[in-house]
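The values are calculated or read from the model by the stated rules, or taken from the named source; none is laboratory data. What you are looking at is a predicted structure, and each value in this text was computed from that prediction instead of being measured. With ideal geometry, Cβ positions are generated from the backbone for all residues, glycine too; neighbour counts draw on all protein chains shown.
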Amino acid sequence: MTSPTALVTGAGRGIGRAIAVRLSQQGHRVALTARSADQLAAVAADCPGETLVIPADITDADSAHRIFAAVEDALGPVDVLVLNAGSATSAPLPRVTDADWSAQLDVNLTAPFRCLRRAIPSMKERGFGRIVAVASMASKIGEPYIAAYTAAKHGLLGLVRSAAAELASTGVTVNAVCPGYVDTSMTAASIAAITDKTGRSPEAARAFLDAKQPIGRLITPEEVTDAIMLCVNNSGITGQGINVDGGTVQS
Ligand SMILES: NC(=O)c1ccc[n+]([C@@H]2O[C@H](COP(=O)([O-])OP(=O)(O)OC[C@H]3O[C@@H](n4cnc5c(N)ncnc54)[C@H](OP(=O)(O)O)[C@@H]3O)[C@@H](O)[C@H]2O)c1
């Protein structure tokens, strides 16, 4: 039997890197996409199995089609899709420009929608598929200064829930994982922004984000990966937004 094919967006570092390596370790052929080709190559080198590197900006309107076509040519149809690429900006609401708003919706909501839409017909036809979106605790609660990111991530969880309902009888599951603050370059950028805007030291800014999780520390990419793998391995879980946030959101 051929190994299942997985496609991971935002696979160059952080959570995407961790899930790509884990899927490879567990027998998947893994397609890796993000903009930074050098980072993708480094992740591919850490994967024990077959990989395909596809540098692309996921916000380009035709990139979902181009990425899926490249994967189908080289590795066959996508069995496991991890919608992980994302980015965050912060600003008080009156200072959020139309361009900021659109950019946050483009990368965190529209791009996952286009990939999910492209993945569904083949998965339905074959009666099997696993789609996991990396959403956020910002899919469930509002925090100050991240309105555009929060709106996009709420939308992403809505997309996941609707897709799961629509596909429930087809063998295709659709879930989200909802992390708190994870120890990645995205959180390093948040620490830098807090330091810049408040004058706090980097250590104090990091302690502030540690304390956001009731467990008192950042979440690790491996902990997020464990939750993604649960969604990949368990056909009884669909339509869920699984919190990996150290107890921040109790739902
Ligand atoms: N870190 C956290 O605290 C946290 C918490 C909750 C949810 N999340 C979510 O987890 C996901 C991964 O975050 P992370 O912490 O691992 O962040 P990260 O270390 O910054 O990695 C983000 C990945 O997404 C890719 N990416 C960003 N914009 C892209 C674009 N326009 N086109 C293609 N790829 C793009 C990046 O590659 P390039 O820049 O090379 O394109 C990178 O590989 C995101 O969806 C994020 O919203 C993170």
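Figure legend. Inter-residue proximity from region 205-232: first residues surrounded by 15 or more Cβ atoms within 10 Å (Cβ to Cβ), second residues of a type in the set (Val, Ile, Thr) and in a helix (DSSP H, G or I), beta-carbon distance below 6 Å, spacing 6+ or different chains. Indicated pairs: Ala205/Ile191; Ala205/Ile194; Ala205/Thr195; Arg206/Ile191; Pro221/Ile15; Val224/Ile15; Thr225/Ile19; Ile228/Ile19.
Pairs are defined by a Cβ separation below 7 Å, a sequence spacing of at least 6 or placement on different chains, a first member in region 42-64 that is among the hydroxyl-bearing types (Ser, Thr, Tyr), and a second member that is surrounded by 15 or more Cβ atoms within 10 Å (Cβ to Cβ); the pairs so defined are Thr51/Ser24; Thr51/Val30; Thr51/Leu32; Thr51/Ala44; Thr59/Asp106; Thr59/Val107; Thr59/Ala111; Ser63/Ala56.
Among the residues of region 47-54, is any surrounded by fewer than 20 Cβ atoms within 10 Å (Cβ to Cβ), at pLDDT 95 or above and among the small types (Gly, Ala, Ser)? Yes, there is a match, as at least one residue in region 47-54 is surrounded by fewer than 20 Cβ atoms within 10 Å (Cβ to Cβ), at pLDDT 95 or above and among the small types (Gly, Ala, Ser).
Looking at Gly86, Gly10, Gly27, Gly16 in this structure, which one is small (Gly, Ala, Ser), at pLDDT 95 or above and in contact with a Ser or Thr (Cβ under 6 Å, 6 or more places away or on another chain)? Steps first, please.
On the way: Gly86 fails: in contact with a Ser or Thr (Cβ under 6 Å, 6 or more places away or on another chain); Gly10 fails: in contact with a Ser or Thr (Cβ under 6 Å, 6 or more places away or on another chain); Gly16 fails: in contact with a Ser or Thr (Cβ under 6 Å, 6 or more places away or on another chain).
From the options Gly86, Gly10, Gly27, Gly16, the qualifying one is Gly27.
Which residues, counting only those in region 210-246, are part of a loop (DSSP other than H, G, I, E, B) and aliphatic (A, V, I, L, M)?
Start the filter on region 210-246 by keeping residues that are part of a loop (DSSP other than H, G, I, E, B), which leaves 213-218, 220, 234-240, 245-246.
Hits for region 210-246 are Ile215, Leu218, Ile237.
Can you work out which of the residues in region 89-145 that are touching a residue at least 12 places away in the same chain (Cβ under 8 Å) and among the polar types (S, T, N, Q) is surrounded by the fewest Cβ atoms within 10 Å (Cβ to Cβ)? In this case the residue turns out to be Thr89. Based on this model, can you work out whether Asp183 counts as within 23 Å of Arg17 (Cα to Cα), of a type in the set (Asp, Glu) and within 13 Å of the ligand (Cβ to nearest atom)? Considered against the rule, which asks whether it is within 23 Å of Arg17 (Cα to Cα), of a type in the set (Asp, Glu) and within 13 Å of the ligand (Cβ to nearest atom), Asp183 comes out as yes. In region 166-180, the residues that are of a type in the set (Ser, Thr, Tyr) reach residues that are surrounded by 24 or more Cβ atoms within 10 Å (Cβ to Cβ) and not in a loop (DSSP other than H, G, I, E, B) with C-beta atoms within less than 6 angstrom, at least six apart or across chains, in these pairs: Thr173/Arg130.
Taking the residues in region 60-92 that are hydroxyl-bearing (Ser, Thr, Tyr) and closer than 17 Å to Thr110 by Cβ as candidates, determine which candidate is farthest from the ligand (Cβ to nearest atom). Reasoning before the result, please.
Our first condition is that a residue be hydroxyl-bearing (Ser, Thr, Tyr); within region 60-92, this holds for 63, 87, 89-90.
Now narrow it down to the ones that are closer than 17 Å to Thr110 by Cβ: 63, 87, 89.
Working: Ser63: 8, Ser87: 5, Thr89: 11 Å.
This residue is Thr89.
Of these, Ala133, Ala148, which one is closer than 19 Å to Pro112 by Cβ, assigned to a strand (DSSP E or B) and not charged (D, E, K, R)? If you could, list the steps in order and put the result at the bottom.
On the way: Ala148 fails: assigned to a strand (DSSP E or B).
On inspection, the qualifying residue turns out to be Ala133.
Of all residues in region 185-198, those that are without any contact (Cβ under 8 Å) to a residue 40 or more places away in the chain have Cβ atoms under 6 Å from Cβ atoms of residues that are part of a helix (DSSP H, G or I) and not β-branched (Val, Ile, Thr), 6 or more apart or on another chain, in Ile191/Pro202; Ile191/Ala205; Ile191/Arg206; Ile194/Ala205; Thr195/Pro202; Thr195/Ala205. Could you list, in sequence order, the residues of region 1-51 that are near the ligand (Cβ under 7 Å from one of its atoms) and part of a loop (DSSP other than H, G, I, E, B)? Within region 1-51, Gly10, Ala11, Gly12, Arg13, Arg35, Ser36 qualify.
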